[in-house]
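Enquirer: Would you mind keeping the following structure in view while I ask a few things?
The values are calculated or read from the model by the stated rules, or taken from the named source; none is laboratory data. Every value quoted in this text rests on a predicted model; they were computed, and no experiment measured them. Cβ atoms come from the backbone with ideal geometry, glycine included; neighbour counts cover every protein chain shown.
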Amino acid sequence: MKSIQLETPGRFKVIDELKPIRKLGEALVHIHRIGVCGTDIHAFHGRQPFFDYPRILGHELGAEIIEINDNGLGLKPGDKCSIEPYFNNKCSSASRMGKSNCCEDLKVLGVHIDGGMRPYITVPIEKLHRANELSFEQLALIETICIGTHGIERSMLTKDETILILGTGPIGLGAIQFALALGSRVIVADISEQRLTFCRDVISVPHALKADAPDFEDQLKNLCGGDLPQVVLDATGNRFSMERTFNLAASGGRIVFLGLLMGEISFDDPNLHRKELTLMASRNATPDTFKKVIGAVADGSIDTKPWITHRMAILDVPKQFEKIASQPDLIKAIIEV
């Protein structure tokens, strides 16, 4: 079979592989659609942490079960699934606490181990989330929405609270759409006017602010009736933006770092204590989050159709990936297998 391997930063190549053979407890699945993630783009440019080359990318996957053992989950050949790409050690401390998403020995498909940019892969049966009512394209977007949704879960946001979401890339959009589905008051901020227009006009975010406006904090307070938001979620992974969150959250508020920065950030400790802020990191998502997001997409609470702005065939990835990944209007690219 023909697979796509990221050989070195900036260089994909087509390689020949044998069709994998499943082991006991695994399923053989046919990959139909692959979402292009910021992780994939960072890896292409040589900026992805915890990453080795060569690597087959692809962890946002819409797949069909081809072969599977008898199982207690009712899964069978022909079922359509989203794949939970976080392969955890079930005996680890985090896994025993129900936090498989941040297991000490976690291996992420397409990051630490070869992923889904190929026609067939084998995966542990428990990592398959069936959703026959969804399209393969919808299934390929489930994981990225789960990342944002888990950030909202971490924030403990309620419908009576206001949340400021910084960064409106795909991960930020996942957080935005789930916060809207909760009925919370949502304010988004970005430096890209194009992305802000998308938020206003396509997914109906009521308040979208330019993050680099000189009077940004005044605008934010005006929207909050002179106060600051109870929750601030940063999906940028930008040092300046992350450090700024400590000034943007209300006293007694919560800050969630959804974006990942390779490096250190600093903050004023007296300000943190004076406000009694709660700071949280958010990593990946849990199995329950996958079920929650699949349900929200299935019932229409979250609409994935506007997200997909670009498509390419899998064998065209070596020639088209860099061009598509650099498009200013890119929201989400889908690879067709």
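Enquirer: Only one of (1) more than 20 Å from the chain's Cα centre (by Cα); (2) modelled with pLDDT of 95 or more; (3) not in a strand (DSSP E or B) fails for Met117. Which number is that?
Expert: Result: Met117 fails condition (1) only.
Enquirer: Another question about this same structure. Checking the conditions here, which among Phe290, Phe267, Phe257 is buried (at least 20 other Cβ atoms within 10 Å of the Cβ), touching a helix residue (DSSP H, G or I) at 6+ places or on another chain (Cβ under 9 Å) and assigned by TED's automatic domain parsing to the domain that holds Ala175?
Expert: From the options Phe290, Phe267, Phe257, the qualifying one is Phe257.
Enquirer: Here are some residues: Thr122, Thr158. Which one is among the β-branched types (Val, Ile, Thr), surrounded by fewer than 19 Cβ atoms within 10 Å (Cβ to Cβ) and farther than 25 Å from Ile302 by Cα?
Expert: After applying the criteria, what remains is Thr122.
Enquirer: Sort out which residues of region 52-110 are of a type in the set (Val, Ile, Thr) and either more than 24 Å from the chain's Cα centre (by Cα) or crowded, with 22+ Cβ neighbours inside 10 Å (or both), and write them in order of number.
Expert: Hits for region 52-110 are Ile66, Ile68, Ile83.
Enquirer: Let me ask you something else. Of the residues that sit in region 283-315 and are acidic (Asp, Glu) and over 17 Å from Ala140 (Cβ atoms), which one is nearest to the chain's Cα centre (by Cα)?
Expert: My answer is Asp288.
Enquirer: Go through (1) under 24 Å from the mean Cα position of the chain (by Cα); (2) surrounded by 13 or more Cβ atoms within 10 Å (Cβ to Cβ); (3) modelled with pLDDT of 95 or more and name the single condition Gly38 misses.
Expert: Answer for Gly38: the failing condition is (3).
Enquirer: If you don't mind, another one. For region 242-297, which residues satisfy the criterion of being assigned to a loop (DSSP other than H, G, I, E, B), touching a residue at least 24 places away in the same chain (Cβ under 8 Å) and not small (Gly, Ala, Ser)?
Expert: Correct list: Leu258, Leu260, Leu261, Met262, Ile265, Phe267, Glu276, Leu277, Arg283, Asn284, Thr286.
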